[in-house]
Amino acid sequence: MRDFAGRLIAHETKGNKSSATKPPAAFLVFEKLRPHLANLMGNAGFRALLSRSLGLANAEVPWLRAVHVKSDGSLDGLDELEAQVGQDEFSEGRVVLLAVLLGLLAAFIGEKLTLHLVHEVWPKLSLNDLDFSKGAKNENTK
């Protein structure tokens, strides 16, 4: 799931180099997914999914505890953290958070529908070589 998350972030940030972009470009993936997921599960469902993802990712990336999900489903607290956390740590945090969100989504709606949804948002992103089953086995052995 981390490889998948990293690929999505790399694909999204490739075209968004502007530092004036809000939220930070690293978290634009969440903003692009939000309307699609809210359409699928409602705004409250999306907020719950993102909040749960943050809670699970906090165990691995402690600085994410300072990030909160606002009532509209956007992430709050990123601007301050981007300046305080090192770039490598910030990059790792976004990958972990997205991997957890995608993992939860795949668990709830299935891998096929998750991939379909991602393909709707990023139609030019190649998803042919993904193997979720291999990643799930590796992640369970941690």
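Bear in mind these aren't lab numbers, they're just calculated from the coordinates by the rules spelled out. All of these numbers come straight from a predicted model, not from anything done at the bench. Cβ coordinates were reconstructed from backbone atoms using ideal geometry, including for glycine residues, and neighbour counts include every protein chain displayed.
Considering only the other residues whose Cβ falls under 15 Å of the Cβ of Phe108, what net charge follows from Lys and Arg at +1 and Asp and Glu at -1?
Once positives and negatives cancel, what remains is +2.
Can you run phi through the Karplus equation (6.51, -1.76, 1.60; θ = phi - 60°) for the range 64-78 and list ³J(HN,Hα) in whole Hz, with x for Gly and Pro?
Values per residue, Gly and Pro as x: 5, 4, 7, 9, 10, 8, 7, 4, 8, x, 8, 8, 10, x, 6 Hz.
Any idea how far the Cα center of the range 105-126 sits from the one of the range 29-64, in Å?
15 Å
Rounded, prolate or oblate: which fits the range 2-134 when a ≥ b ≥ c are the square roots of the eigenvalues of the alpha-carbon gyration tensor, with rounded for a/c under 1.5 and prolate only if a/b beats b/c?
Taking the square roots of the gyration eigenvalues as a ≥ b ≥ c, the range 2-134 is rounded.
Using the Cα centre as the reference, give the magnitude of the dipole from point charges on the C-beta atoms of the range 2-134 (Lys, Arg: +1; Asp, Glu: -1; all else neutral), rounded to the nearest 20 debye.
Computed charge dipole of the range 2-134: roughly 320 debye.
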